[in-house]
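Data first, discussion second: the structure below is written as structure tokens.
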Amino acid sequence: MRTDIYKKTAYGEDHIGFLDADGTINRLRWGEGLPVGRVDAERRIFRTTQHGERELGQVNPDGSIRSHGLFEGGELGWVETDGAVFQGGLILPEEEVGRVAGPHAEPAAAALLLLFLPDDAEEKKQIERG
């Protein structure tokens, strides 16, 4: 059973991906799931790269999400019991950025904060640069 990942937008929310039961993180493109990363048994989040994979962070047992690289590392956010995902930590203001729905809420929320949102921010920067 998969866990769906939604990003909050100015117009509501976008279904941007999902986490498979086997730990594969998929980005939705044209209605299809494209593998972009994985979650391991220790709840670490990995991004698939051209030459392997890179560890991005981890979900703690309390549901908090820790980055290993973004913003010098540290606490990045958390997921509530209802699936609401919040970004916030020492550097970032607290803000609801999305939600997850399904049996693996914590790792799906970590995928949103560690993989999907940074990718979207980078894509937006590329577009603005022209």
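The values are calculated or read from the model by the stated rules, or taken from the named source; none is laboratory data. Fair warning: this is a prediction, and the values are worked out from it, not measured in the lab. Backbone-built Cβ (ideal geometry, glycine too); neighbour counts: all protein chains shown.
Conditions tested, residue by residue: (1) among the β-branched types (Val, Ile, Thr); (2) in a loop (DSSP other than H, G, I, E, B).
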site	(1), (2)
ILE5	yes, no
ASP14	no, no
ILE25	yes, no
LEU28	no, no
LEU34	no, no
GLU55	no, no
GLN58	no, no
PRO61	no, yes
ARG66	no, no
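Among the residues of segment 15-49, how many are of a type outside the set (S, T, N, Q) and loosely packed, with under 11 Cβ neighbours inside 10 Å?
Filtering segment 15-49 for residues of a type outside the set (S, T, N, Q) gives 15-23, 25, 27-47.
This time we only want the ones that are loosely packed, with under 11 Cβ neighbours inside 10 Å, so: 22, 30-32, 41-42.
Here the count works out to 6.
One line per residue, one yes/no per condition, for (1) among the charged types (D, E, K, R); (2) modelled with pLDDT of 95 or more; (3) more than 17 Å from LEU117 (Cβ to Cβ):
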{"position": "ASP4", "(1), (2), (3)": "yes, yes, no"}
{"position": "LYS8", "(1), (2), (3)": "yes, yes, no"}
{"position": "ILE45", "(1), (2), (3)": "no, yes, no"}
{"position": "HIS51", "(1), (2), (3)": "no, no, yes"}
{"position": "PHE71", "(1), (2), (3)": "no, no, no"}
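Which one of GLY98, GLY88 is under 10 Å from the mean Cα position of the chain (by Cα) and either farther than 20 Å from MET1 by Cα or small (Gly, Ala, Ser) (or both)? If you could, list the steps in order and put the result at the bottom.
On the way: GLY88 fails: under 10 Å from the mean Cα position of the chain (by Cα).
Going through GLY98, GLY88 in turn, the sole match is GLY98.
If you check ALA105, ALA84, ALA121, which single one turns out to be closer than 20 Å to ASP20 by Cβ and aliphatic (A, V, I, L, M)?
Details: ALA84 fails: closer than 20 Å to ASP20 by Cβ; ALA121 fails: closer than 20 Å to ASP20 by Cβ.
Just a single option satisfies the conditions, and that option is ALA105.
Go over the candidates GLY98, GLY63, GLY12 one by one and state the one that is of a type outside the set (Asp, Glu) and loosely packed, with under 11 Cβ neighbours inside 10 Å.
On the way: GLY98 fails: loosely packed, with under 11 Cβ neighbours inside 10 Å; GLY63 fails: loosely packed, with under 11 Cβ neighbours inside 10 Å.
Answer to the check: GLY12.
How many residues, within segment 71-80, are surrounded by fewer than 19 Cβ atoms within 10 Å (Cβ to Cβ) and either in contact (Cβ under 8 Å) with a residue 24 or more places away in the chain or outside any loop (DSSP other than H, G, I, E, B) (or both)?
Of all residues in segment 71-80, those surrounded by fewer than 19 Cβ atoms within 10 Å (Cβ to Cβ) come to 71-75, 80.
Restricting the remaining residues to those that are either in contact (Cβ under 8 Å) with a residue 24 or more places away in the chain or outside any loop (DSSP other than H, G, I, E, B) (or both) gives 71-72, 74-75.
Summing the residues that are surrounded by fewer than 19 Cβ atoms within 10 Å (Cβ to Cβ) and either in contact (Cβ under 8 Å) with a residue 24 or more places away in the chain or outside any loop (DSSP other than H, G, I, E, B) (or both) in segment 71-80 gives 4.
Looking at segment 101-112, I want the residues that are more than 13 Å from ASP40 (Cβ to Cβ) and have a partner that is at pLDDT 95 or above and aliphatic (A, V, I, L, M) with Cβ atoms under 6 Å, at least 6 apart or on another chain. Which pairs are those?
ALA108/ILE5; ALA108/LEU19; ALA108/VAL100; ALA109/VAL85; ALA109/VAL100; LEU112/ILE5; LEU112/VAL85
Test of understanding: among GLY12, GLY31, GLY23, GLY52, which residue is out of contact with any Phe, Trp or Tyr (no Cβ under 6 Å at 6 or more places or on another chain) and touching a residue at least 12 places away in the same chain (Cβ under 8 Å)? Let's see the steps before the verdict.
Details: GLY12 fails: touching a residue at least 12 places away in the same chain (Cβ under 8 Å); GLY31 fails: touching a residue at least 12 places away in the same chain (Cβ under 8 Å); GLY52 fails: touching a residue at least 12 places away in the same chain (Cβ under 8 Å).
That would be GLY23, the only listed residue that is out of contact with any Phe, Trp or Tyr (no Cβ under 6 Å at 6 or more places or on another chain) and touching a residue at least 12 places away in the same chain (Cβ under 8 Å).
Taking the criterion of being at pLDDT below 90, charged (D, E, K, R), surrounded by fewer than 23 Cβ atoms within 10 Å (Cβ to Cβ) and more than 18 Å from ARG29 (Cα to Cα), would at least one residue in segment 108-121 satisfy it?
Taking every residue of segment 108-121 in turn, none turns out to be at pLDDT below 90, charged (D, E, K, R), surrounded by fewer than 23 Cβ atoms within 10 Å (Cβ to Cβ) and more than 18 Å from ARG29 (Cα to Cα).
Give the number of residues within segment 24-51 that are under 13 Å from the mean Cα position of the chain (by Cα) and either charged (D, E, K, R) or within 20 Å of SER67 (Cβ to Cβ) (or both).
Qualifying residue count for the region: 11.
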